[in-house]
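The structure under discussion appears below in the form of structure tokens.
The values are calculated or read from the model by the stated rules, or taken from the named source; none is laboratory data. What you see is a predicted model; the values in this text were computed from it and never measured. Don't worry about glycine lacking a Cβ; one is built from the backbone with ideal geometry, like all the others, and counts go over all protein chains shown. Heavy atoms of the whole protein, side chains included, go into the accessibility calculation; ligands, DNA and RNA do not. Shrake-Rupley method; radii C 1.70, N 1.55, O 1.52, S 1.80 Å.
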Amino acid sequence: MSDFIREVDEEYRQDQFRRFLSRYWVALLLLVVVVLAAAGGWRGYQYHRQQQAEAAGARYFDALDALPADPKAALAGFDALAQDGPAGYRTLARFRAAGELGRTDVPGAVKGFDALAADATVPQEMRDIAALRAGLLVVDTADAAELGRRLGPLADTNSAFRSVAREMLAAAALKRGDDAGAGKWLDAIEADPLASPDSRQRAGFLLGVIRAGRPAAAPATSAATPGDAAAGKAEPGVPPADKREPGAKPAEKP
């Protein structure tokens, strides 16, 4: 009896499965086709991106190779790659073009780095690096207000590049003769537990130079110097010769 019940149950399940297939076979077929098409499309997209990356890499290294012999052609290659290359190579080409332009055209290089720093499509860390590069190009020529606008946000406590920005601001302040301003930034580096040992060592050295260069207050003297005596100056509490009482005798020497 148990075998008979089992056979009937199996027949029933097979019949239900055949009915399901007869009713939904079209939808199942479409689902299989869609899955296969999606998998094939994804693989094709990956292959296309790989081909684009390889082509962009070849263009980038061609421009690098052209730099020593023909800088203008190399810059043109970087500019072209920055226009139509993949996202990563676009950013890399823009950085390299601005860096090379800094050798001959500082305002143009600063403009390129500023554009990178203001581009919301570029990762924030790369934008901060671009702002640092622009600040480094103008640190010797810009006034305190411009440097504060450029490097002040990067010198903030939450910035990953705060030590570098603070060193640049301190160096600019020292060049202007602003020891107090330089000391503020150098003190911030020394007090930062996350600053690198090299940054803290440089900050300590510069602070020592600043403190050593300040003139010390002249010490007060309690007795007349030989030069004062020669100039006719009396010791404190002893009236001058012309101001002694009439009839007073000079003190005898022992």
If only one of Ala203, Ala195 is out of contact with any strand residue (DSSP E or B) (no Cβ under 9 Å at 6 or more places or on another chain), more than 17 Å from Ala142 (Cα to Cα), open to solvent by less than 50 Å² (accessible area, probe 1.4 Å) and assigned to a loop (DSSP other than H, G, I, E, B), which one is it?
Ala195
Mind checking which pairs have a first residue in region 136-147 that is part of a loop (DSSP other than H, G, I, E, B) and a second that is modelled with pLDDT under 95, Cβ under 6 Å, 6 or more apart or different chains?
Val139/Met168; Val139/Ala172
Consider Ala74 carefully, then state whether it is at pLDDT 90 or above, surrounded by 11 or more Cβ atoms within 10 Å (Cβ to Cβ), under 23 Å from Arg133 (Cβ atoms) and of a type in the set (Gly, Ala, Ser).
yes
With (1) modelled with pLDDT under 50; (2) assigned to a loop (DSSP other than H, G, I, E, B); (3) small (Gly, Ala, Ser); (4) open to solvent by less than 100 Å² (accessible area, probe 1.4 Å) as the list, and Ser222 as the residue in question, which single condition is left unmet?
(4)
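Just the residues that are open to solvent by 30 Å² or more (accessible area, probe 1.4 Å) and farther than 18 Å from Ala115 by Cβ, please, taken from region 142-151.
Of everything in region 142-151, those that are open to solvent by 30 Å² or more (accessible area, probe 1.4 Å) and farther than 18 Å from Ala115 by Cβ turn out to be Asp143, Ala144, Ala145, Gly148.
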Anything in region 107-130 that is in a helix (DSSP H, G or I), free of Cβ contacts under 8 Å to residues at least 24 places away in the same chain and either under 20 Å from Phe78 (Cα atoms) or β-branched (Val, Ile, Thr) (or both)? List them, or say none.
Pro107, Gly108, Lys111, Gly112, Asp114, Ala115, Ala117, Arg127
Exactly one of these conditions fails for Thr157: (1) modelled with pLDDT of 85 or more; (2) more than 30 Å from Gly108 (Cα to Cα); (3) open to solvent by less than 80 Å² (accessible area, probe 1.4 Å); (4) not in a helix (DSSP H, G or I). Give me its number.
(3)
So which of Ala98, Ala56 ends up being within 29 Å of the chain's Cα centre (by Cα), open to solvent by less than 40 Å² (accessible area, probe 1.4 Å), over 21 Å from Ala134 (Cα atoms) and not hydroxyl-bearing (Ser, Thr, Tyr)?
Ala56
Among the residues of region 101-141, how many are within 20 Å of Ala66 (Cα to Cα) and open to solvent by 80 Å² or more (accessible area, probe 1.4 Å)?
2
